[in-house]
1. Which value, in debye to the nearest 20, gives the size of the charge dipole of segment 16-129 about its Cα centre, when Lys and Arg are +1 and Asp and Glu are -1 at the Cβ?
2. In terms of Cα to Cα distance under 14 Å, which aspartates and glutamates are near enough to Lys276, apart from those fewer than 8 places away along the same chain?
3. Quick one: give the max-minus-min coordinate of the C-alpha atoms of segment 279-323 along each principal axis, largest first, in Å.
4. So which DSSP H runs in the chain come out at 18 Å plus along the axis (Cα) with average Kyte-Doolittle of at least 0.5?
5. When the helices in the chain are scored as -39500 (n - 2.57) per DSSP H run of 4 or longer and the sum is shared across all residues, what 222 nm value do you end up with, to the nearest 500 deg cm²/dmol?
6. Which entries in Lys30/Lys277; Lys242/Lys275; Lys30/Lys130; Lys2/Lys62; Lys79/Lys230; Lys30/Lys275 show an alpha-carbon gap greater than 18 Å?
7. Could you size up the charge dipole of the chain around its Cα centre, putting +1 on the beta carbon of Lys and Arg and -1 on that of Asp and Glu, and report it in debye to the nearest 20?
8. So how far, in whole Å, is the C-alpha centre of segment 1-61 from the one of segment 88-113?
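Bear in mind these aren't lab numbers, they're just calculated from the coordinates by the rules spelled out. Keep in mind that what you see is a predicted model, and the values were worked out from it rather than measured. Don't worry about glycine lacking a Cβ; one is built from the backbone with ideal geometry, like all the others, and counts go over all protein chains shown.
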Amino acid sequence: MKILTVEDIRSLINRVGLTCFFQHVMDAMKLDFSHWSEFNLSSRHAIHYSHGVIELMPCSDKSLYSFKYVNGHPGNPAKGQLSVVALGLLSEVSSGYPLMISEMTLLTALRTAVVGVLAAKYLARRDARKLAIIGTGAQAEFQIMCFASFFPLEEIRFYDCDNLAMRKFEKNLTAESFKLIACQNINEAVSSADIIVTATAAKKKQCLFDLEDVAPGTHIHAMGGDCPGKTEFDVNLLEQSKIVVEYVPQSLIEGESQQCPSDSIYAELWELVSKKKPGRLNAQEITVFDSVGFALEDFSILRVVYALAEDYQLGADLALIPVLDDPKNLYGLIR
């Protein structure tokens, strides 16, 4: 079984190139969403605590099965730890044998960026040039670099309540071609944006901005660390927006959509990808991708990484599964 470490994933991205890697994942994710009906789908299994959540996220088609272990602990950075860490497993359905265990902290950030851009390709205006991001923590640069790989971004406005996080964000992206504008508050950041990304982790009900704070035609990618009771928008904004989600049963529990009746959701993302429903219809619509993160996205990136790791001969093959001459003689291993 192949084991991919953080260093393996870093090496893989350096060899392939970040933009090319995004494209690989985009192609796989678009294909998988278009085959939505062929997947065994379920909401994540989550155990919530007062300070965070630990989750398992399974998904499979007829050939491959995947799951991800992931947490969400907003208070971790104050202790010098990541808010989100993850591990993933990919196995073959025919035998049930695992093929790969991989780090997924980096991969989760990458796939979260890709699914946001995939939705934006249907929901944002094609002439979008200005992006605002609220929250400049660990996920933020991945979002910007992925959007910049598929949209001709000229200006990035950003705000975080943590000044150190803002300086980190600016330092990491200062060499890129787009203009970076640090803002003093949320309203300054979002007022003239074509695309808004919300990337906050605070586990509480809050209102980042109101309907009147955003321009007609804005697309909003709501991707903050989601859970029951955690929301970022006023109901009025949602009522006046076209809302798209990944998987309705999960979004109604933990997304912005938990504030709304189910019939207020316009579509699941697969319906746009499969062209069963149109995305943006005009330049004035406000659209919201209420992204809570879904296991199919992990499935997509894990199968991409497995194939690329084979091509580039990355990862270690470790004997975590017994190999027996007689498959019924497991006890013989310890005699």
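1. Working: 10 positive and 8 negative charges, 91 e Å.
In total the dipole reaches around 440 debye.
2. Once the sequence-local aspartates and glutamates are set aside, what remains near Lys276 is Glu268.
3. Taking the Cα atoms of segment 279-323, the three principal extents are 60, 22, 11 Å.
4. Values: long enough: 18-34 (24 Å, 0.54); 105-123 (27 Å, 1.40); 295-311 (24 Å, 0.70).
Qualifying helices: 18-34, 105-123, 295-311.
5. On the way: 10 runs with 108 residues, N = 335.
-9500 deg cm²/dmol, from helical runs alone.
6. On the way: Lys30/Lys277 15 Å; Lys242/Lys275 16 Å; Lys30/Lys130 25 Å; Lys2/Lys62 21 Å; Lys79/Lys230 22 Å; Lys30/Lys275 12 Å.
The answer is Lys30/Lys130; Lys2/Lys62; Lys79/Lys230.
7. 260
8. Answer, in whole Å: 6.
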